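Working notes, beginning with the structure itself.
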């Protein structure tokens, strides 16, 4: 069987930056084991698979080791492929996922994702996380993911966490964040339990970051940077219980895989 495959660098305006996602449009679902094997072979933080559902699509995401409940950058990449390759007449694409209906909308050169807000709440500072990060944060909050806060962008840049020590924590990874120097806030994200020691740019992390920084800064529109080695830029808005995350994307690869 031959399947189409695309690779898109999400949340960036240039190749070799942002977060690369593989996108595999399907006519019908493959066995879960086959999709997991494809994701492992791709060895990217996420591979997205989608099948038609009327005018919409059903969408699933796989890391190299497991299926995830929510992925922002691979959703953006999937919308990019639909609107640039499969159905260029569309300006909005709706995906049905484990996290509900998610839409991707073309906004000029950017593609915006509508995601559920996951605001963080105060929690205890787990000693294991403090030790793994190597530098004590000023505060740790919790939602689906932990959010560790620092005073300055340089604190986030200089972190060299022990990712193996973060592998078995009780939440879905650790976000670290601080005020930005040329943007509202910066972040990094570590998810070794999902086979992703550090994710280059993480849309789902902004489901928690945006509600936090919107409240702290007193505004709903925010400019964010994820300062991983590849780096990414996100333009965010808090809309009640939803978060809109927009950015550019760049097509790197299109081809066929044989399974």
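The values are calculated or read from the model by the stated rules, or taken from the named source; none is laboratory data. Just so we're clear, the structure is a prediction, and the values are computed from it rather than from any experiment. So basically every Cβ, Gly included, is an ideal-geometry build from the backbone, and we count neighbours across all protein chains shown.
See the values below:
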| quantity | calculated |
| --- | --- |
| Residues of the range 213-248 satisfying the condition of being farther than 14 Å from residue 175 by Cβ, assigned to a loop (DSSP other than H, G, I, E, B) and touching a helix residue (DSSP H, G or I) at 6+ places or on another chain (Cβ under 7 Å) | 220 |
| Exclusive hit being buried (at least 21 other Cβ atoms within 10 Å of the Cβ), outside the structural domain of residue 11 (by TED's automatic domain parsing), closer than 24 Å to residue 73 by Cβ and touching a residue at least 60 places away in the same chain (Cβ under 8 Å), set 174, 144, 186, 156 | 156 |
| Among (1) surrounded by 21 or more Cβ atoms within 10 Å (Cβ to Cβ); (2) touching a helix residue (DSSP H, G or I) at 6+ places or on another chain (Cβ under 9 Å); (3) under 16 Å from residue 246 (Cα atoms), the one test that residue 103 misses | (1) |
| Check on residue 75, in contact with a strand residue (DSSP E or B) (Cβ under 9 Å, 6 or more places away or on another chain) and either in a helix (DSSP H, G or I) or closer than 19 Å to residue 255 by Cβ (or both) | yes |
| Residue satisfying all of: in the range 78-96; touching a residue at least 60 places away in the same chain (Cβ under 8 Å) and under 18 Å from residue 248 (Cβ atoms); surrounded by the fewest Cβ atoms within 10 Å (Cβ to Cβ) among these | 85 |
| Qualifying residue in the range 41-62 (condition: surrounded by 17 or more Cβ atoms within 10 Å (Cβ to Cβ), within 25 Å of residue 211 (Cβ to Cβ) and out of contact with any strand residue (DSSP E or B) (no Cβ under 6 Å at 6 or more places or on another chain)) | no |
| Within the range 18-31, considering residues that are in contact with a strand residue (DSSP E or B) (Cβ under 7 Å, 6 or more places away or on another chain) and surrounded by fewer than 20 Cβ atoms within 10 Å (Cβ to Cβ), the one nearest to residue 187 (Cα to Cα) | 25 |
| All positions within the range 13-71 that are closer than 15 Å to residue 3 by Cα, without any contact (Cβ under 8 Å) to a residue 60 or more places away in the chain and in contact with a helix residue (DSSP H, G or I) (Cβ under 7 Å, 6 or more places away or on another chain) | 22, 23, 47, 48, 49, 50 |
| Residues within the range 179-203 that are out of contact with any strand residue (DSSP E or B) (no Cβ under 9 Å at 6 or more places or on another chain) and either part of a strand (DSSP E or B) or at pLDDT 95 or above (or both), tallied | 1 |
| Count of residues meeting criterion [closer than 13 Å to residue 69 by Cβ and crowded, with 18+ Cβ neighbours inside 10 Å] in the range 106-117 | 1 |
| Residue under evaluation residue 131, criteria (1) surrounded by fewer than 20 Cβ atoms within 10 Å (Cβ to Cβ); (2) assigned to a loop (DSSP other than H, G, I, E, B), criterion not met | (2) |
| Verdict on residue 148 being assigned to a helix (DSSP H, G or I) and closer than 27 Å to residue 65 by Cβ | no |
| Qualifying residue in the range 10-21 (condition: assigned to a helix (DSSP H, G or I) and outside the structural domain of residue 194 (by TED's automatic domain parsing)) | no |
